[in-house]
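Peer 1: Dropping the structure in here first, questions after.
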Amino acid sequence: MMAGAKLGAMAGAFGGPIGAAIGGVVGGAAGLFFGDQAGQIIGEKMGEWTTQLREADIPGKIVGAWDATTSAIKSGWDGALKIILRCLGQSQRPWQRG
């Protein structure tokens with residue numbers, strides 16, 4: 001609103017003090033109107049964007065990819081460990097012996 005009022009006052013200054021007063025009021029009203037409308041549009045678009053992000057389930061996809069990666073590493077490690085223990089002649093891992 002303040003920017004619109006200042007621009008209106010500057011434009012009205014060419015017409016003298018009365019023009020400045022009228023320009024400030026008209027500019028303020030225009031700034032208020034367009035600021036309100038722009039705020040509504042931006043608010044609606046941000047709300048839509050946030051909803052789309054929630055529906056995309058990005059955290060769920062990250063967790064799923066992480067689980068797939070770590071399960072592949074774990075199964076590879078378990079397989080390698082079995083081979084190493086077999087080569088050493090042990091049937092259990094040292095920390096699992098009771």
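Peer 1: Can you compute the modelled spin-label distance between Val25 and Ile41, with each label point 7 Å from Cα toward Cβ, in nm?
Peer 2: Result for the modelled spin labels: 2.8 nm.
Peer 1: Can you send over the carbon and sulfur percentage of the accessible area for region 29-88, probe radius 1.4 Å, protein chains only?
Peer 2: Percent of accessible area from carbon and sulfur atoms in region 29-88: 70.
The values are calculated or read from the model by the stated rules, or taken from the named source; none is laboratory data. Quick caveat, the model's predicted, so the values are computed rather than measured. Neighbour counts run over all protein chains shown; Cβ positions are idealised from the backbone, glycine included. These accessible areas exclude ligands, DNA and RNA; they are computed on the full protein's heavy atoms, side chains included. Shrake-Rupley method; radii C 1.70, N 1.55, O 1.52, S 1.80 Å.
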